[in-house]
């Protein structure tokens, strides 16, 4: 197994940015996958998603002041796929040493904002019943349980299917936008994404 790359971010965190995932990020993304999932995605799968799947979008969180000549240290990653008027969150993860600082929530809200701008009125995802941290995040964002997929994961654990609908309702989105703006100020040093890099 590869040794994880050291994270060279001071405390408090450097200014962060959310940007599109590229092939140059994949080695760092795979280290994050291995630290986060018992059945991590392969480099080939990510390459296919980035190069061939026109319905999917993937983002990474990195230090905004990272030197372009250095290999990227991916702090968090996430992706979604478009299914008509519904988006499906395919993956989201934060490096263990950076969890509990709002980065996962910030990235999740940014992905939700992207799906909304793409015309989606609902977002769905699967999560392990044993993943209490993720469940807590999704529940705090208003996701509700709509089903259960038996023996869904490779280790045969079930998956809970969660849904958040009404993203096209400005009244429902308004508190999410305030939360996204607040986290963007704290983590990215800006009030909003404007035309954004995400």
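The values are calculated or read from the model by the stated rules, or taken from the named source; none is laboratory data. Only a predicted model underlies this, so the values are computations on that prediction, with no experimental measurement involved. Positions of Cβ are backbone-derived with ideal geometry, glycine not excepted, and every protein chain shown enters the neighbour counts.
Assorted remarks:
- The test for being touching a strand residue (DSSP E or B) at 6+ places or on another chain (Cβ under 8 Å) and under 24 Å from residue 39 (Cα atoms) does not hold for residue 164.
- Taking (1) farther than 17 Å from residue 91 by Cβ; (2) buried (at least 17 other Cβ atoms within 10 Å of the Cβ) in turn, residue 54 satisfies each apart from (2).
- Within segment 162-181, tally of residues that are more than 16 Å from residue 137 (Cβ to Cβ) and surrounded by fewer than 18 Cβ atoms within 10 Å (Cβ to Cβ): 11
- Hits in segment 67-95 (condition: crowded, with 16+ Cβ neighbours inside 10 Å and over 9 Å from the mean Cα position of the chain (by Cα)): 72, 73, 74, 75, 81, 82, 86, 87, 88, 95
- When residues in segment 96-109 are screened for being touching a strand residue (DSSP E or B) at 6+ places or on another chain (Cβ under 9 Å), surrounded by fewer than 22 Cβ atoms within 10 Å (Cβ to Cβ) and modelled with pLDDT of 95 or more, 2 of them pass.
- Considering segment 96-198, the qualifying strands (runs of 3 or more DSSP E), each wholly inside and each with 2 or more residues that are touching a helix residue (DSSP H, G or I) at 6+ places or on another chain (Cβ under 8 Å) and free of Cβ contacts under 8 Å to residues at least 60 places away in the same chain, run over 122-127, 159-165.
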